[in-house]
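FYI, it's all coordinate maths here, none of it is from the lab. Everything numeric in this text was worked out from a predicted model, so none of it was measured. Note: ideal-geometry Cβ built from the backbone for every residue, glycine included; neighbour counts use all protein chains shown.
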Amino acid sequence: MAFTGAGISVESGIPPFRGPGGIWSIYDPEKFEKGYFKRHPEEVWPLLKKIFYDSFGRAKPNAAHLALAELEQADKLAGIVTQNIDSLHQAAGSQVVHEYHGSTRRMQCMQCRTYFDADAISLDTLPPRCPSCGGLLKPDFVFFGEGVASDVHYAATDLAKQSDVCLVIGTGGQVVPAGRIPYIVKNRGGVIIEINLSDTGYTYTTSDYFLEGKAGAMVSKLVRCVLG
Ligand code: NAD
Ligand code: ZN
């Protein structure tokens, strides 16, 4: 399996959350807390549009996303658990993708709970309203102060329990419970191969191998070693 974070999408032009150039160095994370959003949708929606719809919409999968799709196609990768909400794994052709923190591609009405495909919702007038009941729409990704959906949590955990190797790519693992997924593999005797620009909380405690470098080059090289 692979467990991926914001770092795998940096070469697609999407900034990570933390560190220099990270989203939280520009925007206040408190604005993405669920209660704040519900109280101030007129203020938060333009930010959501700018960060998650205008830029993510243009991003394309990079060599790392494509190499993981190739690995799955060759039956060497059972699935991906991603913390990303950009849908770039699916765009690369990966079939089994558990989006642990949801996705920008779906929206949910805060009133009648109906889900909508984001492509069907116009962002010309903000905040967008539910086509059925006029309620406030929220992107279907996990905001601060919100829990992870239990179905995706169980699917991710099951995948980890069945995996003998976990590729940990472009994540610091600081966000929990997502960050615990690699430990499930490790605790059952599996091998952790970590790929990151710099060392993380996993590197000296959990990773069996640490491949230091950019995800695009490193994941491609690794996949070439496996598939020839
Ligand atoms: P993070 O922002 O905390 O850390 C990014 C990690 O990627 C760091 O360890 C960094 O060293 C590494 N990195 C940066 N560029 C890299 C590259 N080119 N190749 C390899 N590694 C690279 O990200 P996180 O651990 O995923 O946790 C943050 C949360 O942010 C997640 O919950 C995720 O949902 C969310 N997020 C998602 C996106 C996205 O969908 N693309 C973008 C930003 C944040
Ligand atoms: Zn509604």
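Could you work out how much longer the chain between residue 197 and residue 154 gets when fully extended? Use 0.36 nm per residue separation minus the Cα distance between them, nm to one decimal.
Full extension of this stretch gives 12.5 nm more.
Which percent of Cα pairs goes in each bin when the distances of the stretch 2-227 are cut into 10 angstrom slices starting at zero?
For the stretch 2-227, the pair-distance distribution reads 8, 33, 35, 18, 6, 0.
Given H placed on each backbone N at 1.01 Å, which residues far from residue 140 in sequence or on other chains put an amide H within less than 5 Å of it?
Result for residue 140 returns 103, 106, 107, 108.
Quick check on the exposure proxy: order 132, 9, 207 from fewest to most C-beta atoms within 10 angstrom.
With the fewest neighbours first, 132, 9, 207 line up as 132, 207, 9.
Taking a temperature of 37 °C and a viscosity of 0.692 mPa s, what whole-number D in µm²/s does Stokes-Einstein yield for the stretch 38-148 with Rh from Kirkwood over alpha carbon pairs?
Translational diffusion coefficient: 216 µm²/s.
Around residue 146, with a cut-off of 13 angstrom between Cβ atoms, what is the net charge of the other residues, counting Lys and Arg +1 and Asp and Glu -1?
Net local charge, residue 146 excluded: +1.
Students often get this wrong, so check it: of 31/161; 49/214; 60/221; 161/221, which have C-alpha atoms separated by over 31 Å?
The pairs that break the limit, which is 31 Å between Cα atoms, are 31/161.
Considering only DSSP beta bridges whose two residues both sit in the stretch 2-227, what percent are antiparallel, to the nearest 5?
Approximately 30 percent, going by the DSSP bridge assignments.
How far apart, in nanometres, would the label points at residue 119 and residue 176 be if each is projected 7 angstrom from Cα along the Cα-to-Cβ direction?
Here the answer is 3.9 nm between the modelled labels.
Please give the charge dipole size of the chain, origin at the Cα centre, charges +1 on K and R Cβ atoms and -1 on D and E Cβ atoms. Round to the nearest 20 debye.
Computed about the Cα centre, the dipole is about 180 debye.
Please state the relative contact order of the stretch 105-219 as a whole percent: Cα pairs under 8 Å, 6+ residues apart?
Dividing the mean separation by the residue count of the stretch 105-219 yields 17 percent.
Convert each backbone phi in the stretch 109-125 into a coupling constant with the Karplus relation 6.51 cos²θ - 1.76 cosθ + 1.60 (shift: θ = phi - 60°), then list the ³J(HN,Hα) values in order as whole Hz, x for Gly and Pro.
Residue by residue, the stretch 109-125 yields 6, 6, 9, 9, 6, 5, 9, 9, 5, 4, 4, 8, 10, 7, 9, 5, 10 Hz.
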